[in-house]
1. Checking the condition aliphatic (A, V, I, L, M) and either open to solvent by 50 Å² or more (accessible area, probe 1.4 Å) or assigned to a loop (DSSP other than H, G, I, E, B) (or both), which residue from Leu21, Leu16, Leu37 passes?
2. What's the number of the condition Val138 fails, among (1) touching a Phe, Trp or Tyr at 6+ places or on another chain (Cβ under 9 Å); (2) open to solvent by 30 Å² or more (accessible area, probe 1.4 Å)?
3. Please name all residue pairs, on different chains or six or more residues apart, with Cβ atoms under 6 Å, provided the first residue is in the stretch 83-110 and is within 9 Å of Pro38 (Cα to Cα) and the second residue is open to solvent by less than 40 Å² (accessible area, probe 1.4 Å) and part of a loop (DSSP other than H, G, I, E, B).
4. Quick one: which of Thr13, Thr3, Thr64 is of a type outside the set (A, V, I, L, M, F, W, C), within 22 Å of Ala143 (Cα to Cα) and out of contact with any Phe, Trp or Tyr (no Cβ under 6 Å at 6 or more places or on another chain)?
5. Determine which single condition Leu168 fails, assuming it passes every other condition in (1) over 16 Å from Leu106 (Cα atoms); (2) open to solvent by less than 40 Å² (accessible area, probe 1.4 Å); (3) assigned to a helix (DSSP H, G or I).
6. If you check Gly27 against the conditions, is it farther than 30 Å from Gly184 by Cβ and open to solvent by less than 50 Å² (accessible area, probe 1.4 Å)?
7. Any residue in the stretch 176-192 that's within 15 Å of Met66 (Cβ to Cβ) and part of a helix (DSSP H, G or I): show its pairings with residues that are open to solvent by less than 30 Å² (accessible area, probe 1.4 Å) and β-branched (Val, Ile, Thr) at Cβ separation under 8 Å, as long as the two are six or more apart or on different chains.
8. Does any residue of the stretch 145-160 turn out to be open to solvent by less than 50 Å² (accessible area, probe 1.4 Å), closer than 16 Å to Thr64 by Cβ and over 14 Å from the mean Cα position of the chain (by Cα)?
Amino acid sequence: METFMRKYSFWLTSLLGVVALCVLVVGWNQIDMLHKLPIMYIVALALHETEELKLPGGFIEMVTDMTGLQLKNLGMAKFGLLMFTLYATVLPTFLAGWVWPVMSTLFIGIVEIIMHLAAARINKKRFYSPGLITAVLVQFPVAVYGYYYLYSNDLVKGIYWLWTILLLIVPLLLIQRAIVVSSGLSYREFVNDARKALFSKQK
């Protein structure tokens, strides 16, 4: 599993994005918007991962440099992230009869742009982090449009935000913690190092 995921996790996510794009193209007129939104985000996420890992790539190296985290089990870390991707995008597609799972998927676009802008701030060479362009130009617009649609059609209730955060943030933090601990680093130390890197002034 470790070797397989090291080699093919990116291609699995890319394949998922291609399948999602084909579903949108073929079934655009038949699919209702609540189902379209998470499928659209799958495509956006595949493009985003391409920038993070391939064109130009370097996202993992940036995180390693920023936090001091050395991934001992990179393949398993990628497996965890793939499972989270399926959980946060594919599952809401099938649960799109409920609004809050779709809100959770869209919320990734808000989190991504915040984190990439923060990471770009500490780049010593230029204001950029791998994934920033697609976060700004692809993921964020999909999220904004999605929330606009949901609110303009009176589909959002206040309690949905609680379910949104629980569905998205809690599993994400659990996976992050598992990846960090499996690499032999204290999760508290990892968080402290990340916070120092993000909020300390670069000379």
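The values are calculated or read from the model by the stated rules, or taken from the named source; none is laboratory data. Quantities reported herein were computed from a predicted structural model and do not represent experimental measurements. A quick note on method: Cβ atoms are made from the backbone with ideal geometry, for glycine too, and the neighbour counts reach across all protein chains shown. For the accessible areas, the whole protein counts, side chains as well, though only heavy atoms, and no ligand, DNA or RNA atoms are used. Shrake-Rupley method; radii C 1.70, N 1.55, O 1.52, S 1.80 Å.
1. Numbers: Leu16 fails: either open to solvent by 50 Å² or more (accessible area, probe 1.4 Å) or assigned to a loop (DSSP other than H, G, I, E, B) (or both); Leu37 fails: either open to solvent by 50 Å² or more (accessible area, probe 1.4 Å) or assigned to a loop (DSSP other than H, G, I, E, B) (or both).
Going through Leu21, Leu16, Leu37 in turn, the sole match is Leu21.
2. Only one criterion is unmet by Val138, namely (1).
3. Listed pairs, sorted by first residue: Val102/Ala96.
4. On the way: Thr3 fails: within 22 Å of Ala143 (Cα to Cα); Thr64 fails: within 22 Å of Ala143 (Cα to Cα).
Thr13 is the lone residue from the list that is of a type outside the set (A, V, I, L, M, F, W, C), within 22 Å of Ala143 (Cα to Cα) and out of contact with any Phe, Trp or Tyr (no Cβ under 6 Å at 6 or more places or on another chain).
5. (1)
6. On the way: farther than 30 Å from Gly184 by Cβ: yes; open to solvent by less than 50 Å² (accessible area, probe 1.4 Å): yes.
Here the answer is yes, as Gly27 does meet what is asked.
7. Here the result reads Phe190/Thr67; Phe190/Val180, each pair linking the stretch 176-192 to a residue that is open to solvent by less than 30 Å² (accessible area, probe 1.4 Å) and β-branched (Val, Ile, Thr).
8. no
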